[in-house]
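The values are calculated or read from the model by the stated rules, or taken from the named source; none is laboratory data. These numbers were taken from a predicted model, which means no experiment stands behind them. Cβ: placed from backbone, ideal geometry, glycine included. Neighbour counts: every protein chain shown. Calculation scope for accessible area: heavy atoms of the full protein, side chains included, ligands and nucleic acids excluded. Shrake-Rupley method; radii C 1.70, N 1.55, O 1.52, S 1.80 Å.
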Amino acid sequence: SFSNKPDPIEKQARAYLKQRSISQLQLARHKIGFAVAGPFAWRILFPVMDIDKKCYGWVGRDFSGKQDLKYLNSPGIKLMWVSDHCARTAVILEGIVDALHVERAMLARSSTAALATLGCALTDTQFEQLHRFEKLILFPDFDRPGIVGLISMAKKCIARNLHPLVVVPPELDGRDAGEMGEEEIVGDRKST
């Protein structure tokens, strides 16, 4: 967790969070921390909790730039990272930092949650999580792999009687939601 008198490692972790515009409110709300030792050392830790508020694992994001893997997931059940389990609408993204950015942009829309799939392949448990929401919006990274993954996910959703809306990128410029302005996220965007 974060302290009032940060050491050099904590200062580096805080600098990464500030660079990615993750707010103090989000740190507290989602119990985001960091590790200084062990297999998750030099990583921001994002707890993955379900509707019961129990932690089922975490995602560690390297903030040092020195780790072999940028992201490292804990072992165990694979759930989606969800910003608000009580929301009616879910915006589905690949990564947690993107989901946190969408969460900030959507604060005025209290019935909307941001979800991170934590990878491309969805598990049965993750599909169960999606069935909790009335409306689904798939928000891809604006690059070729993002669109290919989006098409695959949309087909799998439809096969499971989920009918998502899809954010259509105006151009494939390689950006993800974490690199977009809030007005781009909540603005009038075409969906199908």
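Return a yes/no flag: does the stretch 124-136 have any residue that is aromatic (F, W, Y), at pLDDT below 90, open to solvent by less than 50 Å² (accessible area, probe 1.4 Å) and within 17 Å of the chain's Cα centre (by Cα). Looking for residues that are aromatic (F, W, Y), at pLDDT below 90, open to solvent by less than 50 Å² (accessible area, probe 1.4 Å) and within 17 Å of the chain's Cα centre (by Cα), one finds none in the stretch 124-136, hence no. Residues that are open to solvent by 20 Å² or more (accessible area, probe 1.4 Å), farther than 20 Å from S152 by Cβ and not aliphatic (A, V, I, L, M) within the stretch 75-88 comprise P75, G76, D84, H85, C86, R88, listed in sequence order. Restricting the first member to the stretch 6-35 and to residues that are under 19 Å from K66 (Cα atoms), and the second to residues that are among the polar types (S, T, N, Q), the beta-carbon pairs closer than 8 Å and six or more apart or on different chains are E10/S3; Q12/S64; G33/S1.
When N161 is tested against (1) open to solvent by 40 Å² or more (accessible area, probe 1.4 Å); (2) polar (S, T, N, Q); (3) touching a strand residue (DSSP E or B) at 6+ places or on another chain (Cβ under 9 Å), just one condition goes unmet, and that condition is (3). Is it the case that some residue within the stretch 106-117 is touching a Lys or Arg at 6+ places or on another chain (Cβ under 6 Å), open to solvent by less than 40 Å² (accessible area, probe 1.4 Å), of a type outside the set (D, E, K, R) and in contact (Cβ under 8 Å) with a residue 12 or more places away in the chain? Yes, the stretch 106-117 has at least one match. Scanning the stretch 31-51 for residues that are in contact with an Asp or Glu (Cβ under 9 Å, 6 or more places away or on another chain), part of a loop (DSSP other than H, G, I, E, B) and not β-branched (V, I, T) yields a single hit, W42. Open to solvent by 70 Å² or more (accessible area, probe 1.4 Å) and either under 22 Å from T123 (Cα atoms) or under 10 Å from the mean Cα position of the chain (by Cα) (or both): is that true of E103 in this structure? Answer is no for this residue.
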